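K.L.:
Here it is: the structure, laid out below.
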Amino acid sequence: PVAMLAARGACRRASARWIVARCGLHDVVVDALGVTSRLKRGGCDTHHPPYDHRHRHNHARRSFAAHSAAVDTHTMTTPLSQEEDQTSFPSEDPFGLVKTELGAISARMRTAVTSDIPALKTAAEYFFRSGSEGKRVRPTVLLLMASALGEKNTGRPAAGDETNGVTQGVTSGVTQENDHQPDHAPAHETPSSVRRKQQRLAEVTELIHVASLLHDDVIDGSATRRGLRALNLEVGNKLAILAGDFLLARSSVTLASLKNVEVIELLSRVLEHLVTGEVMQMTADGDSLKSWDHYKKKTYLKTASLIANSSKAVAILGGHGEATAELAYDYGKHLGLAFQYTDDVLDFTGSGSILGKPTLGDLREGIATAPVLFASEEFPGLTPLVARRFKNQGDVEQAAFWVRASAGVDKTKALARRHALLASQAVDAMPRVSGGDEQEQRKQAQCRRALKELARVAVERIK
């Protein structure tokens with residue numbers, strides 16, 4: 001059996017390399033991403049960071065080439081090379097690097113969501129109890145981003161402070177020992193250090209995310225979340241909505257304590273985006289439901305905006321200039337989109353018991369995701385089903401059959417893979433770090449690798 005598995009793996013890798021050598025990616029994969037001129041101007045020098053991309057654990061992970069081999073019938077772009085596959089996603093343990101600090105933030109959040117009203121306390125704490133907290137991807141990304149960029153001596157630099165691709169005067173990519181301890185200061189009290197402010201921002205981001213989940217579950221009539229009964233089934237829709245509002249209120253107090261108008265504006269815009277995206281999804285007419293432009297805009301607003309703008313805010317709090325802050329934004333945007341497109345795939349290919357929610361959920365809610373839109377290009381009969389939100393008897397089953405019979409899933413995997421690569425390239429384009437001792441330099445290099453590893457995880461995960 002071992003020999004057979006080894007042979008099968010060798011064949012798979014050889015086939016993937018052949019496909020990638022012969023094929024490219026659908027133009028929508030690039031055009032739909034809004035790839036910024038910053039990356040085009042600055043390039044993506046994979047040798048730029050001061051660390052070795054070919055990590056010793058790379059042999060243990062599955063190649064990304066197979067995810068990139070799906071091809072559409074439209075204009076082709078440059079295919080992902082085998083070298084890109086090997087160097088763009090170096091192995092690192094993102095969650096392990098920030099485990100202690102993340103634990104301190106989680107402890108603070110459990111305190112932040114308490115209330116003197118028993119019913120509200122129970123509802124607000126539902127997804128913050130130990131064991132039901134989820135992956136905490138967003139706080140992890142923000143802590144890694146903070147360390148990957150380092151911290152400036154002063155406030156944000158004026159134009160020209162970041163020269164020759166080198167960030168000057170970085171003093172602390174490593175947290176101080178006391179920053180790993182829970183922050184017991186009141187939510188309205190301004191943190192005393194930059195790192196504490198960045199931790200508060202991670203807390204705010206997670207509170208907003210969980211609040212959006214509570215609201216979404218009511219709107220969608222969801223039965224499960226994170227392997228548990230949805231809160232709305234436990235306490236009712238009204239209390240679930242109020243619990244979400246309570247979390248947003250608590251996050252607002254903490255956000256205000258940062259005393260940074262630009263950061264407050266960014267996170268306030270996120271709240272607007274979440275609402276706008278949800279309303280777009282609820283009220284779309286038949287033509288909009290079939291539109292790639294509508295789908296991509298809604299996906300950004302509902303999913304990617306939070307992590308994109310939070311990543312930018314972390315850079316701002318660290319005192320970095322606009323160029324670096326925009327690269328942090330690009331990373332968060334493409335990571336968020338990669339996660340969402342992978343979610344779209346898993347709704348057709350995943351296991352309900354592993355995902356913690358039923359599969360084909362989007363179809364049952366009347367939502368046409370990327371695999372469906374791709375499949376409709378091969379099976380025009382899908383279009384009227386999309387327009388009527390799969391309401392007729394048998395629509396869900398027929399749509400699922402056509403999607404699985406098409407290249408829709410493979411093309412969506414390719415789309416997710418391309419976003420993951422763009423996230424990795426944004427990390428490569430970040431200015432080199434100067435200053436700091438050897439330990440700080442090592443930690444910053446580790447965190448940059450970990451950010452790229454998260455991009456890999458985004459498209460290879462099964463839940």
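K.L.:
In the stretch 202-226, what residues are touching a Lys or Arg at 6+ places or on another chain (Cβ under 8 Å) and open to solvent by 40 Å² or more (accessible area, probe 1.4 Å)?
P.N.:
Of everything in the stretch 202-226, those that are touching a Lys or Arg at 6+ places or on another chain (Cβ under 8 Å) and open to solvent by 40 Å² or more (accessible area, probe 1.4 Å) turn out to be A223, T224, R225.
K.L.:
Could you give me the residue pairs with C-beta distances under 9 Å whose first residue belongs to the stretch 128-139 and is among the hydroxyl-bearing types (S, T, Y), whose second residue is surrounded by fewer than 16 Cβ atoms within 10 Å (Cβ to Cβ) and at pLDDT 80 or above wherever it lies, and which are 6+ apart or on separate chains?
P.N.:
Partner pairs satisfying both residue conditions: S130/R110.
K.L.:
Would you be able to say whether some residue in the stretch 151-160 is under 28 Å from the mean Cα position of the chain (by Cα) and at pLDDT 55 or above?
P.N.:
The answer is yes, given that some residue of the stretch 151-160 is under 28 Å from the mean Cα position of the chain (by Cα) and at pLDDT 55 or above.
K.L.:
How do the pairs read when you match residues in the stretch 245-259 that are farther than 15 Å from L120 by Cβ and open to solvent by 30 Å² or more (accessible area, probe 1.4 Å) with residues anywhere that are outside any helix (DSSP H, G or I) and hydroxyl-bearing (S, T, Y), using Cβ under 9 Å and keeping only pairs 6 or more apart or on different chains?
P.N.:
That search, which allows pairs on different chains as well, returns K259/T190.
K.L.:
G321 fails exactly one of the following numbered conditions: (1) within 18 Å of V459 (Cβ to Cβ); (2) touching a residue at least 40 places away in the same chain (Cβ under 8 Å). What is the number of that condition?
P.N.:
Among (1) within 18 Å of V459 (Cβ to Cβ); (2) touching a residue at least 40 places away in the same chain (Cβ under 8 Å), G321 violates only (1).
K.L.:
Now for a different question. Limited to the stretch 409-458, what total is found for residues that are at pLDDT 90 or above, open to solvent by 40 Å² or more (accessible area, probe 1.4 Å) and acidic (D, E)?
P.N.:
Residues that pass the stated criteria total 1.
K.L.:
Quick check on my filter: what residues within the stretch 181-196 are in contact with a Pro (Cβ under 9 Å, 6 or more places away or on another chain) and either open to solvent by 90 Å² or more (accessible area, probe 1.4 Å) or in contact (Cβ under 8 Å) with a residue 60 or more places away in the chain (or both)?
P.N.:
Of everything in the stretch 181-196, just one residue is in contact with a Pro (Cβ under 9 Å, 6 or more places away or on another chain) and either open to solvent by 90 Å² or more (accessible area, probe 1.4 Å) or in contact (Cβ under 8 Å) with a residue 60 or more places away in the chain (or both), namely D183.
K.L.:
Residue under question is L247, and the condition is that it be of a type outside the set (D, E, K, R) and under 30 Å from G150 (Cβ atoms); does it hold?
P.N.:
Spelling it out, it is not the case that L247 is of a type outside the set (D, E, K, R) and under 30 Å from G150 (Cβ atoms).
K.L.:
Could you list all residues from the stretch 373-397 that are open to solvent by 70 Å² or more (accessible area, probe 1.4 Å) and of a type outside the set (D, E)?
P.N.:
Selection gives P380, R388, K391, N392, Q393.
K.L.:
OK, next. With D116, D85 as the choices, which residue is modelled with pLDDT of 80 or more and either of a type in the set (K, R) or more than 14 Å from E133 (Cβ to Cβ) (or both)?
P.N.:
D116
K.L.:
For the stretch 223-232, does any single residue satisfy the condition of being among the β-branched types (V, I, T) and modelled with pLDDT of 90 or more?
P.N.:
Here is the first cut: in the stretch 223-232, the residues among the β-branched types (V, I, T) are 224.
Filter again for modelled with pLDDT of 90 or more, leaving none.
No, the stretch 223-232 contains no residue that is among the β-branched types (V, I, T) and modelled with pLDDT of 90 or more.
K.L.:
Could I ask something else about it? List the number of the failed condition for Q199; all other conditions in (1) open to solvent by less than 30 Å² (accessible area, probe 1.4 Å); (2) touching a residue at least 24 places away in the same chain (Cβ under 8 Å); (3) within 23 Å of T359 (Cα to Cα) hold.
P.N.:
Tallying (1) open to solvent by less than 30 Å² (accessible area, probe 1.4 Å); (2) touching a residue at least 24 places away in the same chain (Cβ under 8 Å); (3) within 23 Å of T359 (Cα to Cα), Q199 fails exactly one: (3).
The values are calculated or read from the model by the stated rules, or taken from the named source; none is laboratory data. From a predicted model like this one, the values you see are computed outputs, not experimental measurements. When we count neighbours, we look across all protein chains shown, and the Cβ atoms used for this are built from the backbone with ideal geometry, even at glycine. With ligands, DNA and RNA removed, areas are computed over all heavy atoms of the protein, side chains included. Shrake-Rupley method; radii C 1.70, N 1.55, O 1.52, S 1.80 Å.
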